[in-house]
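Only one structure is covered here, and it is reproduced in the block below.
The values are calculated or read from the model by the stated rules, or taken from the named source; none is laboratory data. If you're wondering where the values come from, they're calculated on a predicted model, not measured in any experiment. Because the Cβ atoms are built from the backbone with ideal geometry, glycine has one as well, and the counts that use them run over all protein chains shown. Note: areas computed on protein heavy atoms with side chains; ligands, DNA, RNA excluded. Shrake-Rupley method; radii C 1.70, N 1.55, O 1.52, S 1.80 Å.
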Amino acid sequence: MRTLLIAAALLLAAACSRATRPDSAGAPPAPLPGGWTSPLHREHPLTGRIWDVKAGRFVDAEALRDALAQARFVVLGERHDQPDHHQLQAWLVQSLATGGRKPALAFEMLDVGQQAAVDASQSRAPGDADALALAVDWAGSGWPDWSLYRPIFAAGLEAVLPIVAANLPRAQVRDLVMRGPEALAPELRQRLSLDTPLPEAVEQAMRQEQDEAHCGHLPKEMLGPMVQAQRARDAHLADRLLSAATEPGGVLITGNGHARTDRGVPAQLAARTPGQDVRAVGLLEVDPELREPADYAASFGAQSLPFDYVWFTPAVPMEDPCAALLKHHKK
């Protein structure tokens, strides 16, 4: 039963994203020529707008593009099954690959064990996104349908960007959760800083986040291991982006949970490369009860939004994750 519960928790952990009058600033740009795909809350006053968190003001898409172009590392968050998020990510990738710039394009959705398949596919069928999907068995990966992610991969391949498999293999994450950091090789454990305790406030916040994400069904003794798994993924994604970076840097496609600046991949990058410009974009669905950007900070357990920029989108219906976890638990 414990093993089944861990497996269910890890499946849900892959979905690491969270759940003023409109004007031209921040309106949907070229990536959505046919309008929004998401059906819910299109008329919300924040829909389509971009919030500069540090400056405390709205900016337009071109200003965001220009700001990201100045960064060495860009982390683009998402809700994994959100089609508009992927269309906006594809537009940003296209924008960052202009003028001969070729940043590395890394994906949380691919683990390092798949890099050989990615490289072989690019060698055999350069520019063919569908061939890459077959090479990595996307259909059997457990990630949302390939049609959602295809625009991002197609944008990267069209620009001839290096495609980087960035995540830890699931088997290693499972071993980490079940056996602790000792399950990993000492060099990897040290590189991921898993032997370094978190500040107590951060540890408690992450434990609470894991508890809520798993609907209170996780045994309390599993909360610490799940926090370790989250830390390991953040650190590994950062390391892969660093090691694969080209002269212009790198772009990471990942869930909003990994994209947060306070303790996610951007924080890991900042710790590893002091002085390098790292910028993170959270793509967030609007909520009819939340009318101002600052209202969304609480959903991240934070005083302020943990991103450099937030791009607000309409929403898609979401299956109750607690019902899904309970279903796995009963099995």
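Taking Leu88 as the residue in question, decide whether it is out of contact with any helix residue (DSSP H, G or I) (no Cβ under 7 Å at 6 or more places or on another chain) and buried (at least 22 other Cβ atoms within 10 Å of the Cβ).
So Leu88 fits the description; yes.
Within the group Thr3, Thr98, which residue is more than 30 Å from Leu218 (Cβ to Cβ), polar (S, T, N, Q) and modelled with pLDDT under 95?
Just one listed residue meets the conditions, Thr98.
Those residues that are of a type outside the set (D, E, K, R) and part of a strand (DSSP E or B), I need them from region 266-295; list them, please.
Val278, Ala280, Val281, Gly282, Leu283, Leu284
Let's see how each residue does on (1) modelled with pLDDT of 90 or more; (2) over 17 Å from Leu223 (Cα atoms); (3) assigned to a helix (DSSP H, G or I); (4) open to solvent by 80 Å² or more (accessible area, probe 1.4 Å):
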site: Ala165; (1), (2), (3), (4): yes, yes, no, no
site: Val173; (1), (2), (3), (4): yes, no, yes, no
site: Met178; (1), (2), (3), (4): yes, no, yes, yes
site: Glu187; (1), (2), (3), (4): no, yes, yes, yes
site: Pro197; (1), (2), (3), (4): no, no, no, yes
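So, of the residues in region 251-265 that are of a type in the set (S, T, N, Q) and in a loop (DSSP other than H, G, I, E, B), which turns out to be surrounded by the most Cβ atoms within 10 Å (Cβ to Cβ)?
Thr254
Could you tell me whether region 145-155 includes any residue that is outside any helix (DSSP H, G or I) and open to solvent by less than 10 Å² (accessible area, probe 1.4 Å)?
Within region 145-155, not a single residue is outside any helix (DSSP H, G or I) and open to solvent by less than 10 Å² (accessible area, probe 1.4 Å).
Could you identify the single residue in Asp234, Asp262, Asp239 that is among the charged types (D, E, K, R) and farther than 21 Å from Asp111 by Cα?
Only one candidate qualifies: Asp262.
Among the residues of region 103-136, what is the count of those that are surrounded by 16 or more Cβ atoms within 10 Å (Cβ to Cβ) and farther than 30 Å from Arg174 by Cα?
The number of residues fulfilling the criteria is 2.
Identify all residues within region 237-250 that are open to solvent by less than 10 Å² (accessible area, probe 1.4 Å) and either assigned to a helix (DSSP H, G or I) or among the hydrophobic types (A, V, I, L, M, F, W, C) (or both); write none if there are none.
Listed by number, the residues that qualify are Leu237, Ala238, Leu241.
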